[in-house]
1. Considering Cα pairs under 8 angstrom that are at least six residues apart, work out the relative contact order of the chain and quote it in whole percent.
2. DSSP beta bridges in the chain, what fraction antiparallel, as a percent rounded to 5?
3. Suppose every K and R has +1 on its Cβ and every D and E has -1 on its Cβ; what is the size of the dipole of the chain about the Cα centre, in Debye to the nearest 20?
4. Counting each DSSP H run of 4 or more residues in the chain as -39500 (n - 2.57), what helix-only mean residue ellipticity at 222 nm follows after dividing by all residues, to the nearest 500 deg cm²/dmol?
5. Which Cα, out of Thr163, Gly373, Asn3, lies furthest along the positive dipole direction of the chain (beta carbon charges, K/R +1, D/E -1)?
6. Can you list the HN-Hα couplings for the stretch 156-173, worked out from phi with the Karplus curve (6.51, -1.76, 1.60; θ = phi - 60°), rounded to whole Hz and with x for Gly and Pro?
7. Along the charge dipole of the chain, Cβ charges K/R +1 and D/E -1, which of Tyr43, Tyr470, Ser250 sits furthest on the positive end?
8. Counting only residues 5 or more places away or on other chains, whose amide H sits under 5 Å from the amide H of Met292 once H atoms are built in the peptide plane?
Amino acid sequence: MTNVVLILVDDLGYSDLGCYGSEIATPNIDRLASEGVRMTRFYNTARCSPSRASLLSGRHPHQTGIGILTNDDSPRGYPGNLRSDVKLMPEYLRERGFTTAMAGKWHLAADVQNPNAAWPTRRGFESFFGTLTGCGSYFDPGTLTRGEENAEDEAHRDDFHYTDAITDEAVNRIAELAGGDNPFFTYVAYTAPHWPLHASEERIAAYEDSYADGWDATRERRFERQCELGIADESWELSPRHPDAPAWESEENPRWQQRRMAAYAAMVTQLDEGVGRIRAELERQGVLDDTMMIFLSDNGASAEELPFIELDRFLARTDIVRTHTRDGEPVAVGNDTAIDPGPEDTYCSYGLGWANVSNTPFRLFKQWTHEGGIAAPFVVRWPAGGVPAGEIVRTPRQLTHVLPTILDAVGQGTMPPELESSSMLDSLRGEPEVDTAPLFWEHIGNAAMRTAEWKLVRMWGCGWELYDTYDDPCELVDLADRHPEVVAELSAQWQDWADRVGVIDFAVTRDIYADRGLGYRDAIG
């Protein structure tokens with residue numbers, strides 16, 4: 001009897017795990033990697049809601065109703081709400097006799113206040129504890145829900161931290177379900193390490209001296225370690241520091257910058273401890289080796305500075321921002337050098353320089369379809385299913401392949417016709433590759449496709465770029481002018497795909513927001 005535990009984290013960069021080159025302590029995820037398989041060319045989408053929609057449905061996000069985030073831009077734009085006719089992973093698995101449970105972030109419903117058909121409890125999950133919105137305080141999260149009832153009071157205890165609460169729920173559900181007659185599916189969706197930077201002083205102190213020499217040196221060390229691990233190759237050229245980030249020796253506030261990254265690292269280590277607790281519970285229940293454990297991130301690291309819109313409008317988002325702590329003290333919102341991130345009375349992010357480190361060796365970030373926005377760590381442990389220990393798989397795959405892989409693992413047989421992508425199970429087992437279909441992306445006008453040989457990519461409003469995936473995986477030498485025939489062929493394939501899956505031109509979304517008196521920042525969500 002095969003169980004499935006799917007662990008998704010939020011805004012974790014490609015290189016933020018020890019097993020992908022990081023200095024951050026992630027011994028539990030590293031252990032999963034040593035006992036299973038790591039993929040080096042697995043891709044998410046460029047943003048959290050589309051990734052969740054694609055992961056759970058096996059479809060491209062545009063086909064699910066969630067092409068950007070969960071704003072309702074219908075009828076001209078995306079409804080920002082899961083379509084009722086798109087079946088999700090827990091619904092498929094319940095049909096196959098599974099008991100289902102979820103802990104953590106949902107972010108797939110336009111209405112997060114009133115129970116509706118897009119809530120997890122109505123889309124196949126028999127139990128749910130988590131948040132319906134996209135992010136928020138780790139000490140006092142908005143839209144915290146148990147089943148379909150508001151559970152924000154559960155955060156009103158001194159030792160509450162949302163990352164630990166998600167772990168607690170997952171562990172409790174596994175303990176409850178492991179003794180049953182049916183296989184179980186547990187979806188664990190951490191919000192860490194998405195901003196705000198909230199961690200205990202003790203955890204942050206563990207990284208107090210780790211970033212004293214700054215982002216340039218840290219990035220170079222990560223790349224060296226990636227080459228040692230076989231995640232990257234010494235023949236690759238590390239992409240340069242982002243032009244908007246100063247050289248570390250020119251940074252005017254190095255102590256504050258170190259603190260930001262130390263807080264981020266503390267959050268990653270805390271979620272890693274949660275993964276360790278989940279693994280330990282599976283082992284305690286005697287079902288560890290029979291459980292397919294999957295770990296991945298929802299998009300590349302985030303370079304967002306806070307607040308990214310006018311402060312009063314940002315504070316009006318009471319579902320994601322608390323203006324006061326649980327004790328009534330004001331929360332200092334924004335990346336101010338006078339504010340040390342970490343405590344409940346702060347609301348900060350770690351910024352572009354450190355996000356550039358998180359995405360080593362790639363360039364750009366969350367929201368873009370260049371490698372830095374969509375390349376994800378992907379770890380699978382399943383010894384009973386023939387997944388070998390300590391192997392690296394380099395075959396390009398994306399989120400649409402995960403559901404077919406899980407259905408294959410639990411004995412699906414013939415795939416449901418609505419799932420166009422193939423299972424990755426042969427790849428994970430080290431068997432010969434047969435699927436060479438191209439991969440496709442689009443988000444807020446940023447677009448890409450990848451074949452075995454080429455990566456075609458563009459920023460919204462700019463021309464297509466073309467990169468050699470073998471010799472230039474960091475996308476440094478644009479070959480579009482040298483191979484216009486390749487650009488023409490691949491861009492036509494991309495347009496055919498975009499038309500088929502229902503990509504809405506981002507200019508339409510811009511116009512929708514312009515009609516509301518709003519600009520680009522509002523249009524992208």
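The values are calculated or read from the model by the stated rules, or taken from the named source; none is laboratory data. Owing to the predicted nature of the structure, the values given are computational and were not obtained by experimental measurement. Virtual Cβ from ideal backbone geometry, glycine too; neighbours counted across all protein chains shown. Accessible surface areas use protein heavy atoms only, side chains included; no ligands, DNA or RNA. Shrake-Rupley method; radii C 1.70, N 1.55, O 1.52, S 1.80 Å.
1. Reported as a whole number, the value is 23 percent.
2. Details: 28 of 59 bridges.
Of all bridge pairs located within the chain, approximately 45 percent are antiparallel.
3. 1020 debye
4. Result for the chain: -9000 deg cm²/dmol, rounded to the nearest 500.
5. Toward the positive end, the furthest listed residue is Asn3.
6. Per-residue couplings from phi come out as 8, 9, 4, 8, 6, 9, 4, 4, 5, 5, 4, 4, 4, 5, 4, 4, 5, 5 Hz.
7. Tyr43
8. Here Asn3, Val4, Val5 satisfy the definition.
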